[in-house]
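K.L.:
Questions regarding the structure given below will be posed in turn.
The values are calculated or read from the model by the stated rules, or taken from the named source; none is laboratory data. Keep in mind it's a predicted model, so treat the numbers as computed, not measured. Note that each Cβ is placed from the backbone with ideal geometry, even for glycine, and that neighbours are counted across all protein chains shown. All accessible areas refer to the heavy atoms of the entire protein, side chains included, with ligands and DNA or RNA removed. Shrake-Rupley method; radii C 1.70, N 1.55, O 1.52, S 1.80 Å.
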Amino acid sequence: MSRIIASSGIEQIHGKTYNRDRGYFYMRNGRQFYRERDEDYQKNQSPRQKWNSAAFKYANSQLKLLTSPEAKAQLAADFEAANHIASNGKTYTTVRAWKYNSLIHDYKQAHPFEQ
């Protein structure tokens, strides 16, 4: 978080004072300033990161739809029928991890990454 430095009897604050602050403190030419900025870390993603983010978004949206008891029972039956092996060839111990990674793999197969 923030760092407080006492120099010549005056406290100087560097960084954020609280994690929900909109801005941060910094020093320039011996003077202290406060700057607000958007912390949107998604805007500097590479094309591959955007492709992976789209796959995660799809998988999360599909998992939210599977909330009914019938859907959960069917999902558990499919998990046992697949012997805990997802469509990506890896073995998972929980139904949620199995389905989540299957959805990510299926999305990536349907929407291949192009440079």
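K.L.:
Quickly run through region 102-115 and pick out the residues that are touching a helix residue (DSSP H, G or I) at 6+ places or on another chain (Cβ under 8 Å) and either at pLDDT below 90 or surrounded by fewer than 16 Cβ atoms within 10 Å (Cβ to Cβ) (or both). Give the steps one after another, and end with the answer.
P.N.:
Taking region 102-115 as the starting set, the residues that turn out to be touching a helix residue (DSSP H, G or I) at 6+ places or on another chain (Cβ under 8 Å) are 103-104, 107-108, 111, 113, 115.
Hits for region 102-115 are His111, Phe113, Gln115.
K.L.:
Which pairs do you get when a residue that is open to solvent by less than 50 Å² (accessible area, probe 1.4 Å), found in region 43-72, comes within reach of a residue that is among the small types (Gly, Ala, Ser), reach meaning Cβ atoms under 8 angstrom, with the pair 6+ apart or on two chains?
P.N.:
Within 8 Å, the pairs are Gln45/Ser53.
K.L.:
For region 57-79, what are the residues that are assigned to a helix (DSSP H, G or I), in contact with a helix residue (DSSP H, G or I) (Cβ under 9 Å, 6 or more places away or on another chain) and farther than 18 Å from Lys108 by Cα?
P.N.:
Leu65, Ala71, Lys72, Leu75, Ala76, Asp78, Phe79 - these are the residues of region 57-79 that are assigned to a helix (DSSP H, G or I), in contact with a helix residue (DSSP H, G or I) (Cβ under 9 Å, 6 or more places away or on another chain) and farther than 18 Å from Lys108 by Cα.
K.L.:
So the check is Cβ under 8 Å with 6+ separation or different chains; which pairs have a first residue in region 82-94 that's part of a loop (DSSP other than H, G, I, E, B) and a second one that's of a type outside the set (Lys, Arg) and at pLDDT below 85?
P.N.:
Filtered contacts from region 82-94: Tyr92/Ala86.
K.L.:
Are any residues in region 10-37 open to solvent by less than 50 Å² (accessible area, probe 1.4 Å) and part of a loop (DSSP other than H, G, I, E, B), and if so, which ones?
P.N.:
Within region 10-37, Lys16, Asp21 meet the criteria.
K.L.:
Is there a residue being modelled with pLDDT under 85 and of a type in the set (Asp, Glu) anywhere in region 64-71? Step through it out loud before you land on a result.
P.N.:
Our first condition is that a residue be modelled with pLDDT under 85; within region 64-71, this holds for none.
Among the residues of region 64-71, not one is modelled with pLDDT under 85 and of a type in the set (Asp, Glu), which makes the answer no.
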